[in-house]
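Below: the structure, in structure tokens.
The values are calculated or read from the model by the stated rules, or taken from the named source; none is laboratory data. Because the structure is predicted, anything quoted here is derived from the model rather than measured. Ideal geometry is used to build each Cβ from the backbone, glycine not excepted, and the neighbour counts take in all protein chains shown. Remember, those area values only see protein heavy atoms, side chains included, never the ligands or the DNA or RNA. Shrake-Rupley method; radii C 1.70, N 1.55, O 1.52, S 1.80 Å.
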Amino acid sequence: MSKMEIPIDQVKRLPAIGGEVDLLKVLQLMPGIQSGGEGTSGLYVRGGSPDQNLMLLDGVPLYSVNHLFGFFSVFNPDAVKDVKLYKGGIPARYGGRLSSILDVRMKEGNMKKYEVSGGVGLIFSRLSVEGPIAKDKASFIIAGRRSYIDILAKPVIEKQVGGDTELNFYDLTLKTNYKINDKNRLFLSGYLGRDNFGFGNAAGFSWGNQTATLRWNHLF
């Protein structure tokens with residue numbers, strides 16, 4: 001009940017800010033969901049506030065899902081396999097969040113052949129590589145993004161405030177899986193992301209997420 005599944009291919013076909021697809025921006029177009037304002041990545045589901053949503057990346061809760069003051073989310077579309085959003089009738093295993101559950105699962109890597117994709121945008125560039133470690137037995141995917149606002153804006157800002165200036169964000173996503181046999185499979189995934197903002201000695205902050213997940217699937 002009230003569960004929405006959104007294919008990542010559909011997400012990538014929608015118009016995007018600066019030509020870059022963002023998962024949370026797409027969800028804000030769905031019924032019963034609103035954004036808090038221009039440029040924010042928070043979800044307001046049926047009147048609830050963003051802190052009443054549980055956001056999971058491969059089963060791990062993320063407490064801050066924004067890059068660049070909310071213009072982009074931490075979910076890299078190149079590494080996302082599927083997205084499930086529960087707006088009501090939330091299964092008990094997810095706990096007691098009031099508004100919604102966003103369950104994002106990462107790709108597991110191509111077991112047949114190597115694939116490379118990427119892009120150069122106005123705000124950041126991205127690159128992803130996936131392929132088999134052992135054909136039909138184990139695979140991997142690694143995807144990363146890095147902004148270069150600091151490179152473009154550094155001369156102007158340093159002239160105004162003086163000192164070293166940091167204005168960037170990056171994230172790195174990695175997942176591997178190993179097929180033990182027809183009934184057992186191991187998955188290992190991780191995420192590392194950080195936002196760095198510093199205006200000389202005047203002001204600044206640095207924050208991010210680090211997650212790791214080890215999962216064993218057994219078919220009874």
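Report whether or not Tyr178 is modelled with pLDDT of 85 or more and closer than 18 Å to Phe72 by Cβ.
Values: modelled with pLDDT of 85 or more: yes; closer than 18 Å to Phe72 by Cβ: no.
Spelling it out, it is not the case that Tyr178 is modelled with pLDDT of 85 or more and closer than 18 Å to Phe72 by Cβ.
Tell me which residues, restricted to the stretch 115-137, are open to solvent by less than 30 Å² (accessible area, probe 1.4 Å) and either in a strand (DSSP E or B) or within 23 Å of Tyr178 (Cβ to Cβ) (or both). Lay out the reasoning, then the answer.
Of the residues in the stretch 115-137, the ones open to solvent by less than 30 Å² (accessible area, probe 1.4 Å) are 119, 121, 124, 128, 130-132.
Scanning the stretch 115-137 gives Gly119, Phe124, Ser128, Glu130, Gly131, Pro132.
Within the stretch 205-220, how many residues are exposed (fewer than 15 other Cβ atoms within 10 Å of the Cβ) and part of a strand (DSSP E or B)?
10
When both residues are 6+ apart or on different chains and their Cβ atoms are under 6 Å apart, which pairs have a first residue that lies in the stretch 16-32 and is modelled with pLDDT under 80, and a second that is among the small types (Gly, Ala, Ser)?
Pairs found: Gly18/Gly121; Gly19/Gly121; Glu20/Gly121.
Only one of Leu152, Leu188 is surrounded by fewer than 17 Cβ atoms within 10 Å (Cβ to Cβ) and modelled with pLDDT of 95 or more; which?
Working: Leu152 fails: modelled with pLDDT of 95 or more.
Just one listed residue meets the conditions, Leu188.
Mind listing just one residue for me: the one in the stretch 191-202 that is open to solvent by 60 Å² or more (accessible area, probe 1.4 Å) and part of a strand (DSSP E or B) and, of those, farthest from Phe75 (Cα to Cα)? If you could, list the steps in order and put the result at the bottom.
Pass one, the stretch 191-202, residues open to solvent by 60 Å² or more (accessible area, probe 1.4 Å): 192, 194, 199, 201-202.
Cutting the leftovers down to part of a strand (DSSP E or B) gives us 192, 194, 199.
Working: Leu192: 11, Arg194: 13, Phe199: 27 Å.
Ranking the candidates gives Phe199 first.
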